[in-house]
Amino acid sequence: MSIRLTAKLLLQSSLLLALVSPAAYATPTGKITIAVPSEPGTLDPMRSNNRYNHTFNANMFEALYIRDSRAELVPGLAESVNISSDGLTYTFKLRRGVRFHDGSTMTADDVKFSMDRATNPATKNPMAAYLKAIEKVDIANPDTIVVKLKERDGTFLKKLAFAGWVIPRKYFESVGEEGFARRPIGSGPFKFKSRSINEAIELEANELHRSHVPKVKDLVYRTIPEDAVRLAELQTGRVDIATEMPPPLMARIEALRDVKAVSHPSGAVYWVVFNVKDGKDNPVTKQKVRQALNYGIDKQAIIKGVLRGQATQVAGALVPSITPADPTLKPYPYDPAMARKLLAEAGYPNGLKVEMYSSVGRYTLDKDISLAIANSLKTVGVEVDLKLWESSKWVGDLGKKYYPMSYQEFGNTIFDPEGLMIFGVHTKAFWSFYTNPQVDKLIDESMAIIDSKQRDAHFHKIDRLLHEDASHIFLWESKIVMGVKDKLNWTPAPGDTWFKFWDASWQK
């Protein structure tokens with residue numbers, strides 16, 4: 001017995017990705033120029049893992065399943081999938097007539113080659129962990145790929161849409177790994193045109209695409225690290241979108257002529273991570289201390305004063321734009337009296353001193369926010385010895401796991417809480433300073449749950465445990481501030497930071 005796609009998903013598939021002749025679409029015209037603060041490290045989709053890579057990949061490449069421009073999970077290079085009753089075998093019916101950017105036709109061999117390369121340790125794919133459940137990939141016939149898993153994975157299709165990009169085998173083997181990274185080829189709505197390192201990446205419309213021929217001819221990403229310069233380029237009209245602007249600049253964006261300010265839910269949770277693994281002279285290993293610190297920070301004041309309202313306070317690890325929390329679970333309120341009471345009960349009636357390590361330049365306003373957190377805690381008798389480090393040093397020492405407390409962000413990857421839980425909470429996770437056998441067990445169990453409602457309920461249970469244990473200081477889901485030209489028709493989906501421009505167009 002097999003589990004078929006839901007009727008909704010099949011309807012999305014037929015409406016969004018049906019085989020349609022490119023000739024049915026109007027010829028793309030015009031150009032969109034986007035100012036971004038950084039750029040992909042490489043254009044090889046199996047060697048990259050930062051948000052700029054994800055945006056590039058989402059416009060250039062496709063997987064068996066993809067996220068559409070509304071961030072819905074829909075069939076991409078696959079027409080449909082059958083999942084075996086034990087959840088270990090996924091049989092994909094491939095879409096016919098898919099063409100890569102060089103005009104060659106996609107085959108089952110391309111799919112198998114791509115998935116084998118993505119999971120091969122020799123590739124050193126930083127996203128291989130998302131595909132670790134794959135045991136093997138077989139070609140059943142020219143139109144069918146069979147993927148066998150080692151264990152059930154309730155988010156396997158979501159992970160494919162994040163890390164399962166398909167590339168043309170013959171082209172890759174003819175140019176080699178370095179050649180492919182210089183001039184990549186995919187099957188997505190946009191194709192590669194040129195790149196100037198640390199300056200710009202140019203894409204152009206893929207007029208051979210079966211269903212999403214873009215409305216604009218050219219898409220240009222300009223690398224502009226300085227916030228003020230991105231704003232100036234937007235003001236002078238040399239760019240059409242300025243991304244990742246600090247919230248204090250929002251008023252200046254709103255004052256610009258012919259420009260609108262966009263506040264976009266990021267899907268990312270911001271929190272202060274407690275080191276509960278290292279008990280040596282570390283007061284935050286005590287639950288009541290962690291709870292006291294949650295009560296001792298005026299999060300709403302920081303959201304209003306530092307972030308200019310561009311964040312939403314959270315009760316736990318779940319973020320509203322991805323998986324809304326249980327409505328009965330309320331955020332820790334600012335309650336200095338409760339904070340002092342809990343500190344006294346934990347053995348610190350006269351307050352305490354604790355080290356906190358924060359980056360400078362890794363996250364938006366990270367220095368200002370860290371200082372605000374330290375100042376807020378000072379009012380309840382907690383002296384924070386704040387270590388502000390340059391981003392590369394902060395990240396470089398993260399794996400040594402000695403930070404008693406650290407201000408961090410954890411972004412959305414697969415549009416599912418599992419990405420956060422597996423990589424940021426579970427005892428075995430690189431990013432985790434937390435350990436709780438009960439939470440670990442529930443996270444492990446989540447892997448086998450496929451039904452979305454059951455998954456939400458399961459993660460609500462985990463989130464409540466984290467909240468009650470005060471596993472972190474739970475802060476907020478951030479918003480990304482952008483300046484966008486008024487006449488540009490483009491709106492990103494909430495929680496989606498892989499900005500897609502398939503449907504973007506200019507008003508006439």
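The values are calculated or read from the model by the stated rules, or taken from the named source; none is laboratory data. If you're wondering where the values come from, they're calculated on a predicted model, not measured in any experiment. All Cβ positions, glycine included, derive from the backbone under ideal geometry; neighbour counts span all protein chains shown.
Here are some notes:
- Residue in the stretch 264-295 that is surrounded by the most Cβ atoms within 10 Å (Cβ to Cβ), counting only those that are more than 27 Å from the chain's Cα centre (by Cα) and of a type in the set (Ser, Thr, Tyr): 295
- Within the stretch 296-306, restricting attention to residues that are hydrophobic (A, V, I, L, M, F, W, C) and over 8 Å from residue 334 (Cβ atoms), the residue that is nearest to the chain's Cα centre (by Cα) is 303.
- Test: residue in the stretch 473-495 that is part of a loop (DSSP other than H, G, I, E, B), more than 24 Å from residue 69 (Cβ to Cβ) and not basic (Lys, Arg): no
- The residue of the stretch 308-337 that is farthest from the chain's Cα centre (by Cα), among those that are polar (S, T, N, Q) and more than 15 Å from residue 295 (Cβ to Cβ), is 328.
- From 121, 75, residue being within 23 Å of residue 498 (Cα to Cα) and outside the structural domain of residue 449 (by TED's automatic domain parsing): 75
- Some residue of the stretch 129-147 being touching a Phe, Trp or Tyr at 6+ places or on another chain (Cβ under 9 Å), in a loop (DSSP other than H, G, I, E, B) and of a type outside the set (Gly, Ala, Ser): no
- Listed by first and then second residue, the pairs linking a residue in the stretch 150-172 that is polar (S, T, N, Q) to a residue that is outside any helix (DSSP H, G or I), with Cβ atoms under 7 Å apart and 6 or more places separating them unless they lie on different chains, are 155/414; 155/416.
- Picking from residues in the stretch 416-432 that are of a type outside the set (D, E, K, R) and in contact with a helix residue (DSSP H, G or I) (Cβ under 6 Å, 6 or more places away or on another chain), the one that is farthest from residue 458 (Cα to Cα) is 431.
- Count of residues meeting criterion [assigned to a helix (DSSP H, G or I) and exposed (fewer than 14 other Cβ atoms within 10 Å of the Cβ)] in the stretch 317-352: 1
- A residue that is over 18 Å from residue 490 (Cα atoms), in contact (Cβ under 8 Å) with a residue 12 or more places away in the chain, in contact with a helix residue (DSSP H, G or I) (Cβ under 8 Å, 6 or more places away or on another chain) and assigned to a loop (DSSP other than H, G, I, E, B) cannot be found anywhere in the stretch 229-237.
- Some residue of the stretch 98-108 being of a type in the set (D, E, K, R), at negative phi and either modelled with pLDDT of 95 or more or in contact with a Ser or Thr (Cβ under 8 Å, 6 or more places away or on another chain) (or both): yes
- The residues of the stretch 375-414 that are assigned to a loop (DSSP other than H, G, I, E, B), more than 16 Å from residue 273 (Cβ to Cβ) and without any contact (Cβ under 8 Å) to a residue 60 or more places away in the chain amount to a single one, 381.
- Residues satisfying the stated conditions in the stretch 362-387, i.e. in contact with a helix residue (DSSP H, G or I) (Cβ under 7 Å, 6 or more places away or on another chain) and surrounded by fewer than 16 Cβ atoms within 10 Å (Cβ to Cβ): 379
- Selection of the stretch 207-228 for residues being within 18 Å of residue 505 (Cα to Cα) and assigned to a strand (DSSP E or B) yields 218, 219, 220, 221.
- Checking each residue in the stretch 173-196 for being within 24 Å of the chain's Cα centre (by Cα) and either without any contact (Cβ under 8 Å) to a residue 60 or more places away in the chain or assigned to a loop (DSSP other than H, G, I, E, B) (or both) picks out 184, 185, 186, 187, 188, 189.
- Of the criteria (1) in contact with a Gly (Cβ under 6 Å, 6 or more places away or on another chain); (2) of a type outside the set (Phe, Trp, Tyr); (3) part of a helix (DSSP H, G or I); (4) under 26 Å from residue 439 (Cα atoms), which one residue 253 fails: (4)
Listed here are the residues, each with its yes/no results for (1) in contact (Cβ under 8 Å) with a residue 12 or more places away in the chain; (2) over 19 Å from residue 471 (Cα atoms).
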site: 297; (1), (2): yes, no
site: 303; (1), (2): yes, yes
site: 327; (1), (2): no, yes
site: 335; (1), (2): yes, no
site: 360; (1), (2): yes, yes
